[in-house]
Amino acid sequence: MSKLCVRFSPVNGYDIPGLEGWLEKQAAKGLMFAMTMGPLVLFERQEPAALRFHLEPAPSKPDWTDPELNALYEQAGWRYLDRFRSSFAVFVTEDPEAQTHTDPETWDYVLKRFFWRKLLGGIGLAILNYALLTFFWSSWFDPFYLRYLWAQALALGLVRGLLTVLGLVLADIAYLHGLTVLWRLHQLVKHDMPMTSTLGSRVSGTLSALSSVPLFLLAVE
């Protein structure tokens with residue numbers, strides 16, 4: 001049996017407490033976080049273990065190259081695993097009392113950076129919405145197909161329309177929820193409150209993963 005296992009994260013990619021809790025549940029099932037590949041999360045099979053995970057804001061570098069911070073975490077009982085996408089460095093420990101070193105000022109800066117990066121990403125999503133809806137409209141109402149192959153045009157147009165609308169609606173909802181997650185976490189840090197998982201984060205993460213299915217089928221068609 002292969003040691004690698006692939007999963008879609010059911011948690012919103014910016015819900016830090018939710019992601020940490022999800023990784024801990026996977027470890028309890030015998031799946032240790034290994035790395036990420038786009039929307040996919042790779043795990044290595046091992047013996048189930050009760051572990052704690054910590055997501056540290058990662059710098060804008062190709063690799064995690066902060067030996068000073070790594071040394072601080074190692075002294076506190078943490079072990080660096082890999083990066084979670086481009087946003088976080090993943091640390092793990094067996095010690096339930098191990099302390100983290102991320103100060104509130106760092107979280108405040110990072111969450112603002114994530115929020116504006118997510119907001120700018122909405123421009124790309126808006127372009128995708130426009131491009132796919134325009135393609136759907138032009139392909140369905142092509143004069144040649146409507147005159148000579150109207151039944152085929154109607155069937156294909158219906159399929160394309162359903163796939164387009166379903167994929168975009170799921171992607172848009174997941175995007176908007178991601179913005180609310182970041183805003184909520186920023187407000188918690190700003191008011192010196194502990195970060196907690198956001199209600200509905202698992203739904204948002206699932207929708208984000210599901211949105212790629214109809215859009216992929218549309219591209220294939």
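The values are calculated or read from the model by the stated rules, or taken from the named source; none is laboratory data. Computed from a predicted structure; not experimentally measured. FYI the Cβ positions are ideal-geometry reconstructions off the backbone, even for glycines, and counts take in every protein chain you see. Note: areas computed on protein heavy atoms with side chains; ligands, DNA, RNA excluded. Shrake-Rupley method; radii C 1.70, N 1.55, O 1.52, S 1.80 Å.
Could you tell me how many of the residues in region 72-107 are of a type outside the set (Val, Ile, Thr), assigned to a helix (DSSP H, G or I) and either within 24 Å of the chain's Cα centre (by Cα) or under 18 Å from Gly18 (Cα atoms) (or both)?
3
Suppose we filter Glu97, Glu47, Glu68, Glu20 for residues that are open to solvent by 80 Å² or more (accessible area, probe 1.4 Å) and closer than 25 Å to His191 by Cα; which single one remains? Steps first, answer last, please.
Working: Glu47 fails: closer than 25 Å to His191 by Cα; Glu68 fails: closer than 25 Å to His191 by Cα; Glu20 fails: open to solvent by 80 Å² or more (accessible area, probe 1.4 Å).
From the options Glu97, Glu47, Glu68, Glu20, the qualifying one is Glu97.
Take the conditions modelled with pLDDT under 65, farther than 21 Å from Gly21 by Cα and not basic (Lys, Arg) and apply them to Leu163. Does it pass? Give the steps one after another, and end with the answer.
Numbers: modelled with pLDDT under 65: no; farther than 21 Å from Gly21 by Cα: yes; not basic (Lys, Arg): yes.
Against the criterion (modelled with pLDDT under 65, farther than 21 Å from Gly21 by Cα and not basic (Lys, Arg)), Leu163 does not qualify.
Looking at region 105-125, which of the residues that are open to solvent by 70 Å² or more (accessible area, probe 1.4 Å) and under 29 Å from Gln75 (Cα atoms) is modelled with the lowest pLDDT?
Top of the filtered list is Glu105.
Name every residue in region 8-40 that is under 21 Å from Thr100 (Cα atoms) and basic (Lys, Arg), in order of residue number.
Within region 8-40, Lys25 is the sole residue that qualifies.
Of these, Phe53, Phe88, Phe33, which one is closer than 21 Å to Tyr175 by Cβ and touching a residue at least 12 places away in the same chain (Cβ under 8 Å)?
Residue meeting the stated conditions: Phe88.
Of the conditions (1) modelled with pLDDT under 85; (2) surrounded by fewer than 17 Cβ atoms within 10 Å (Cβ to Cβ), Met35 satisfies every one except a single condition; which number is it?
So the condition that Met35 fails would be (1).
Quick grid of which residues meet (1) in contact with a Gly (Cβ under 7 Å, 6 or more places away or on another chain); (2) modelled with pLDDT of 90 or more; (3) of a type in the set (Phe, Trp, Tyr):
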site	(1), (2), (3)
Tyr14	yes, no, yes
Lys29	no, yes, no
Leu40	no, no, no
Ala49	no, yes, no
Phe53	no, yes, yes
Glu56	no, no, no
